[in-house]
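Take a look at the structure set out below.
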Amino acid sequence: MENSGIMRGWNFRRNAKLESVAQLTIRGTLAKITANLDHRDTSPTIPLGQADPSHFSLFPKLSPDDVFLIVGFEQAIEMTMPVLAQPRANILLPRPGYPHYDVRAAYDSFEVRHFDLIRERNWDVDLDSVEFIADEKTVAMVIINPGNPCGNVFTYHL
């Protein structure tokens, strides 16, 4: 940069802590997950970066009543959680699940209780654990269908 004939630099320094964070991208994370898959495992895998789940035959067919327009799932969490928040309320979250639910639940002062998804049953919900942890202060149970991070699709049982 030139000012009155004197050359000056910006004098910015590299922040090593931010360098590693800047490399965390959705595509990079998905590539790492894919690279670490056990290719001997015959469980079906779904590219989690795919924005349109209807491209995969294992997903149920969608109707207009199934569609809610939001700016990403984080906006849905940000809009829904505060509405449910009340003193001493708890919320049931799947394990494994997406960490943003835990973060937002803590922000809204929910007690978080986790229920398990059972890998051996195609990541189905462990209903016994749900019954054990749910009580009169439970205001919601998060069900992601089709589910990330496992790619499961819940079955309908009467």
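The values are calculated or read from the model by the stated rules, or taken from the named source; none is laboratory data. None of these values were measured; they are calculated from a predicted model. Cβ placement follows ideal geometry from the backbone for every residue including glycine, while neighbour counts extend to all protein chains displayed. Ligands, DNA and RNA are stripped out before the accessible areas are found, and what is left, the full protein with its side chains, is counted by its heavy atoms. Shrake-Rupley method; radii C 1.70, N 1.55, O 1.52, S 1.80 Å.
Observations
- On inspection, Arg113 qualifies as modelled with pLDDT of 85 or more, assigned to a strand (DSSP E or B) and crowded, with 17+ Cβ neighbours inside 10 Å.
- Residue count for segment 28-56 under the criterion of being open to solvent by 100 Å² or more (accessible area, probe 1.4 Å), at pLDDT 70 or above and not polar (S, T, N, Q): the result is 3.
- Sub-8 Å Cβ pairs linking a first residue in segment 123-140 that is free of Cβ contacts under 8 Å to residues at least 12 places away in the same chain and among the β-branched types (Val, Ile, Thr) to a second residue that is open to solvent by less than 40 Å² (accessible area, probe 1.4 Å) and in a helix (DSSP H, G or I), at least 6 apart or interchain, number zero.
- Failed item in (1) open to solvent by 100 Å² or more (accessible area, probe 1.4 Å); (2) at pLDDT 80 or above; (3) within 19 Å of the chain's Cα centre (by Cα), with Ala76 passing the rest: (1)
- Residue under evaluation Leu92, criteria (1) in contact with a Ser or Thr (Cβ under 7 Å, 6 or more places away or on another chain); (2) open to solvent by 90 Å² or more (accessible area, probe 1.4 Å); (3) at pLDDT 75 or above; (4) of a type outside the set (S, T, N, Q), criterion not met: (2)
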